[in-house]
Amino acid sequence: MLTTPVLIVGGGPVGLTASLALSQQGVRSLLVERHPGTAILPKARGINARTMEMYRQMGLETDIRAAGMPPRFGKMILWAESLAGNEVKRLTPGRGSPKNLVTSPAANCGCSQDLLEPVLRRHAEALAPGGLLFSTELTEILPTEDGVTGVLTNRVTGETGRVLAKYVIAADGAHSPLRAMIGIERTGERDIYDSVNVHCRVDLRPWVDERPAALYYIDQPDLRATFLTINGSDRWGFLVHSLSVYGFSKENLPPERCIELVRQAVGVPDLPVEVLGISFWKCSAMVADKFSAGRIFLAGDAAHETTPSGGFGLNLGVQDAHNLAWKIAAVLEGYADPSLLNSYDAERRPHATDVVKATYLNMSSLKRTERQSAPKLPRQEYLNEQGLVFGARYKSAAVLSDGSAPPRVDDPVTEYVPSATPGCRAPHVWVEHKGERLSMIDLFGRDFVLVAAPGGAAWREAASRQVTPRVVPYVIGDDVVDIDNAWMEAYGVVEGGAVLVRPDGYVAWRCRALSPKPASALADALKILLGHEAAVRAA
Ligand SMILES: Cc1cc2nc3c(=O)[nH]c(=O)nc-3n(C[C@H](O)[C@H](O)[C@H](O)COP(=O)(O)OP(=O)(O)OC[C@H]3O[C@@H](n4cnc5c(N)ncnc54)[C@H](O)[C@@H]3O)c2cc1C
């Protein structure tokens, strides 16, 4: 029987990222994907800035941007009666505004899923040779005393085998067979509208070159569709909305009819169009009632299904994997109590619930589920969700409150004020380290990191006494230059203070001024954060 510390079920963007994040933590995993390769349809294209920060920490940012669409296409969305006909409206998403761009060293990136996944796969396979099995389906799961046994079937040869894992990540998509096997239910709106995603080769440059956009909404009395930019020239996604409302169905939409609809939406009856793929799907807005059961963790669409209005599905899932990987590593390496894993549900489910609600409201405001020809402009939050992208605040046992609260904002969906309040994403500040200009967040990703303000050299000694987990210290003004003299304000500490950042880039603990006993203060904080105190209390 095969054995692996972590079995990942599903080789979509979330499973692939889980493999990468576990390798980054030095944990071996086995990923099984029932298809022979990565996605063949474009689906998601909007990789938000927070997700790009994570890929930046994993060293993938350059390759993903190289695979993505020309950046000029990411700056606008547009409504028209047809591409060749009347233009109705243009909108500039607030996420790309200069005010929002200073939040992060990594701008968002347009890269369609069929181009992103091969990049993820290539890096994942390089870090875990032999750790990804395609054409391999998990067909059964059997809990054992100290792990989980999965039954695997090779879809080419029909051979079956077993794998014994300590933990399982179910990244097996919205219809998650694993979620069904372990009996986790979901709450929310199911099958809100039906749609078809047509992947096509068609040269649209004459109508888009002068007005590059990420989305071209087409509104006609008998057709509501969207062109999804992939390369900005001859490869496009074409989404037809609310099929049944307009009398369309899987049966009456063969490729020839899809070609006619593309031509109708462009407004050029004899335009050469080739259909590369067709995928019928239904939009739902649902969240699993819990994100784990025993040793099995749901991640990505298996845990939450968002409407595509806002481009959050893939991003939420990638961030789930990033949240979970270091916790599983900490438990497997023996420096955290298994109760640390409870913080995965406590941190990710409330955030997923907020995102699912916001994208549902985006979708409703676009009014594309109703039969009407006039376009309806979306609510102002749509594509302005800076607060949801960066502002998740975790409240769990893996965060130690210092009694402070992050700055209050009027609208947590659109507004983000950087804050190092425990539970928040550690803010981006430009620094210089070893002669290199970096973002503060470039120093996070593998270990716990303790950043001390000027005058906080004693924290370096405190960190060096910490054997497991390893804590990497930096002292501002010593080995890190605070280029804009912004660090202390951004991190909310005075001279001698320090901030402990988790491997996923979230603030775990903050000591605003120098502690009289830095080593024991740090050791005590870690003991609580890693679940050891709770374990002693429970014993
Ligand atoms: C039209 C459209 C546009 C979208 N746009 C965006 C966007 O702009 N931004 C964004 O963030 N999101 C977007 N999304 C959502 C995004 O595509 C999904 O959220 C994302 O694919 C979820 O990734 P995942 O890895 O969780 O699941 P999936 O991509 O569904 O992958 C799950 C994988 O698990 C495999 N699997 C299932 N069961 C088993 C099993 N038993 N054994 C082995 N393998 C198994 C499946 O074959 C599949 O490959 C969009 C979706 C659509 C449909």
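Data overview
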{"item": "Matching residues in the range 171-197 - criterion: being more than 10 Å from the ligand (Cβ to nearest atom) and in a loop (DSSP other than H, G, I, E, B)", "result": "Ile182, Gly183, Ile184, Glu185"}
{"item": "Check on Gly59, surrounded by fewer than 21 Cβ atoms within 10 Å (Cβ to Cβ), closer than 30 Å to Thr3 by Cβ and within 16 Å of the ligand (Cβ to nearest atom)", "result": "no"}
{"item": "Residue satisfying condition, being farther than 25 Å from Ala330 by Cβ, of a type outside the set (Lys, Arg), touching a helix residue (DSSP H, G or I) at 6+ places or on another chain (Cβ under 7 Å) and not assigned by TED's automatic domain parsing to the domain that holds Met54, within set Ile441, Ile476", "result": "Ile476"}
{"item": "Test: Arg235 is buried (at least 18 other Cβ atoms within 10 Å of the Cβ), more than 12 Å from the ligand (Cβ to nearest atom) and among the basic types (Lys, Arg)", "result": "yes"}
{"item": "Residue in the range 120-135 that is surrounded by 16 or more Cβ atoms within 10 Å (Cβ to Cβ), closer than 30 Å to Gly387 by Cα, in contact (Cβ under 8 Å) with a residue 40 or more places away in the chain and within 9 Å of the ligand (Cβ to nearest atom) present", "result": "no"}
{"item": "Residues being more than 13 Å from the ligand (Cβ to nearest atom) and either crowded, with 23+ Cβ neighbours inside 10 Å or not in a helix (DSSP H, G or I) (or both) - total across the range 22-53", "result": "7"}
{"item": "Residues satisfying the stated conditions in the range 282-304, i.e. touching a Gly at 6+ places or on another chain (Cβ under 7 Å) and near the ligand (Cβ under 9 Å from one of its atoms)", "result": "Ala299, Gly300, Asp301, Ala302"}
{"item": "Top-ranked residue of the range 305-349 - restricted to ones that are within 9 Å of the ligand (Cβ to nearest atom) and acidic (Asp, Glu), ranked as nearest to Lys527 (Cα to Cα)", "result": "Asp320"}
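The rows are residues; the columns are (1) part of a helix (DSSP H, G or I); (2) without any contact (Cβ under 8 Å) to a residue 60 or more places away in the chain; (3) closer than 29 Å to Met52 by Cα.
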residue: Glu489; (1), (2), (3): yes, yes, yes
residue: Glu495; (1), (2), (3): no, yes, no
residue: Val499; (1), (2), (3): no, no, yes
residue: Asp504; (1), (2), (3): no, no, yes
residue: Trp509; (1), (2), (3): no, no, yes
residue: Pro516; (1), (2), (3): no, yes, no
residue: Leu522; (1), (2), (3): yes, no, no
residue: Lys527; (1), (2), (3): yes, yes, no
residue: Glu533; (1), (2), (3): yes, yes, no
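The values are calculated or read from the model by the stated rules, or taken from the named source; none is laboratory data. In this text the structure is predicted, and so the values were computed from the model without any measurement. Positions of Cβ are backbone-derived with ideal geometry, glycine not excepted, and every protein chain shown enters the neighbour counts.
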